[in-house]
Amino acid sequence: MAAATGNDNDNGFDNQLKPESEPATVNLSPPLSKNAQKKQLKQQRYEAKKAEKKAQEKEQKRKEGERKHKEWEETLANATEEERLKLIESRKSLRKERMDKRWEEKEKKMERLNRAKEVGQKIVVDVDFAHLMSDSEISSLVQQIMYCYAVNGRSTSPCHLWLTGVQGKMSAELDKLPGFEKWFIEKESNCYIQAMADQKDDLVYLTADSDTVLDDLDPKHIYIIGGLVDRNRFKGITMTKAQEQGIKTAKLPIGEYLKMSSSQVLTVNQVLEILVKFLETRDWKTAFFTVIPQRKRTGLDPVGSSKLEPLSEEHQEEDADADKHDHLERKKVCVEVPLESSS
Ligand SMILES: C[S@@+](CC[C@H](N)C(=O)[O-])C[C@H]1O[C@@H](n2cnc3c(N)ncnc32)[C@H](O)[C@@H]1O
């Protein structure tokens, strides 16, 4: 990968983006246009509906638990003493089996994550943008970071995951996540440029605005993802930051494998998932098709691309599955207890 470096100012952060005199919690967002206000209202309605649905699902789950418990009590009440003992014994052993399996999986996960810490691909999520985001954008980002952590934990080839710039509001919001203090992840309050000062030449900021296309992941390199939820309101912000710090930049090779129905700017967790999938498969196409939802792709060949194949039926099916999987995984992640917190 060719280096796309900017100037050599490595003062730690972009002074224009985050004036030193401003406290980290001040919201510097420009006033919203009418259109943006409409969008925000729509988003708020969507969030409210989502919360209502979640509460309904929780209630349904509670009722289902109650029903099962009643059913079990009735079964026991109608059984002979001998049958009762057998039923209780078999339930106990089933539970133990399940617990043992879970424990075994957890141990394996920890082994993989420990190994990733020693030799894994370093990936940083730069969360030093809280001053540019609204409260709801910050909570979206926190959710996305949770997905990143869960996806990495489940992966057979996890990366060595870092969060840098963990301070102020961002730090406070992350601390609210259950078990966050026990996450098997590197947390750094400094910017990566300070925390990894001796590896500056290996830092590569991933940004859709780079001219350099990532063709492979170099184990020596440290890839940085901008921890930002902004609906691309701050277009080019990470590119500028990297240029000002004088570090390399690169974009994902999306255009060589598929055509997007909208922009090629992905969310933090999508980028992390793609990188982790690539580490597992060393195949960009599989990584993109697994992670990018079908609705975001047109399935058309980018002009002049030799690498892209039109969406085959097989792939369309894979894609539908991926979409379903994506949805289920996200649901699962929302209720999953973080790795260490369940111990
Ligand atoms: C929601 S985007 C933030 C967009 C923001 N306006 C910017 O300029 O970076 C979150 C992050 O994901 C990464 N990202 C998103 N799409 C990418 C792409 N196509 N190639 C490389 N990195 C990408 C970048 O690190 C980006 O900062």
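Summarising the label geometry, the points placed 7 Å from Cα in the beta-carbon direction at Lys182 and Lys106 lie 0.7 nm from one another. Phi-derived couplings, Karplus 6.51 cos²θ - 1.76 cosθ + 1.60 at θ = phi - 60°, listed residue by residue for the stretch 255-270: x, 7, 10, 7, 9, 8, 6, 10, 6, 8, 7, 9, 7, 4, 5, 5 Hz, with x used for Gly and Pro.
Sorted largest first, the spans of the alpha carbon positions of the stretch 178-276 along the three principal axes are 39, 35, 28 Å.
Read the figures in this text as sums done on the coordinates, not as results from a lab. This one's a predicted model, so the numbers in the text were calculated from it and none came from an experiment. Cβ: placed from backbone, ideal geometry, glycine included. Neighbour counts: every protein chain shown.
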